[in-house]
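Worksheet: one structure, shown below.
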């Protein structure tokens, strides 16, 4: 794990929100943290993190292939891609936001955590809806910096209501039993063999009445994606595996996919009770593929609102999934 925690200087506008130390905790022992200048200290473990350019920075696994892959790519750019017609981001984002909206916690003071927040596509709605303590966690600092720059330019008054945290989801620097809703949209499956560690951390930070909203790759949808982008050999490879490979041939990243039964089993072992299982349709992948192949025209672009309605209908039915979208709560009497 990275341990280079120097005390950094930062301009006044980069100071943390007033409520930050109520939420942050030592990623090693989970004790409260106190602020000393621009460092974050644990009474038991010493310096645990630092404030740097408006972001609470903690250690991430230096050798993790998924983190390294996204760092090399400069992080996620969902906000930009969501503006391009018929990209997966532009088609999936409204569907994911519909899930967020229907699972809002009851009080604007409730803590909402966006795990794998990237540049904020699933963080910004909470701020727009008036939530006062929103935590955006990502392992790639460039994505969080992009989110902060966006807020600074477009909504500077929102900065007091959002806490940006550079951290590893396997070692979250968040207080136990403090979070009303943890959102993990297309995030945890990049942990691969450490998937259970990520779920365990979600369980640890949730209140007993809290909720987890997670989106995990669907194996059946992944089969179609492999066929479209890798041909029959890729399809056959995934038929006997759960390893999904994304990216160009010379720079690929691995993630994990699940049948519904498999992901429900993982949640049960992590002391979660599944409340609802729906999905995001794999048709967004097909449409993105057709766009990239030049098969869509200007008339198709005009029909994007109708296409989005179709995708929302499929999501509500949980049909033709590329991702399982699952709402879960801590199991009664669980760890």
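What follows is calculated from the coordinates using simple rules that are stated; it is not laboratory data. Source: prediction; values computed, not measured. Heads up, the Cβs are rebuilt from the backbone with ideal geometry, glycines too, and the neighbour counts pull from every protein chain shown.
Using the Cα gyration tensor of the range 14-130, with a ≥ b ≥ c the square roots of its eigenvalues, what is the shape: rounded (a/c below 1.5), prolate (a/b larger than b/c) or oblate (neither)? Note, shape of the range 14-130 comes out oblate. Distance between the C-alpha centres of the range 193-213 and the range 133-191: 15 Å, rounded to the whole angstrom. Plainly put, the chain has a radius of gyration that is 0.96 times its Kirkwood radius, both from alpha-carbon atoms, as the Rg/Rh ratio. Using C-alpha pairs below 8 Å separated by at least 6 residues, the relative contact order for the chain is 17 percent.
Ordered by the number of other Cβ atoms lying within 10 Å of each residue's own Cβ, fewest first, 246, 92 fall into the sequence 246, 92. Gain on full extension, evaluated as 0.36 nm per residue between residue 240 and residue 286 minus their Cα-Cα distance, stands at 14.3 nm. The range 266-335 and the range 61-91 have their alpha-carbon centroids 18 Å apart. Among 123, 259, sorting on how many other beta-carbon atoms sit within 10 Å of each Cβ, with the fewest leading, yields 259, 123.
Taking other C-beta atoms within 10 angstrom as a stand-in for reagent exposure, 313, 88 fall in the order 313, 88, fewest first. When shorter helices are ignored and each DSSP H run of at least 4 residues is given -39500 (n - 2.57), the per-residue value for the chain at 222 nm works out to -10500 deg cm²/dmol. For the range 119-188, what does the alpha-carbon gyration tensor say about shape, rounded, prolate or oblate, given a ≥ b ≥ c as the root eigenvalues, a/c under 1.5 as rounded, and a/b over b/c as prolate? Oblate. Panel note: the C-alpha atoms of the range 229-335, placed on their principal axes, show extents of 55, 36, 21 Å (largest first).
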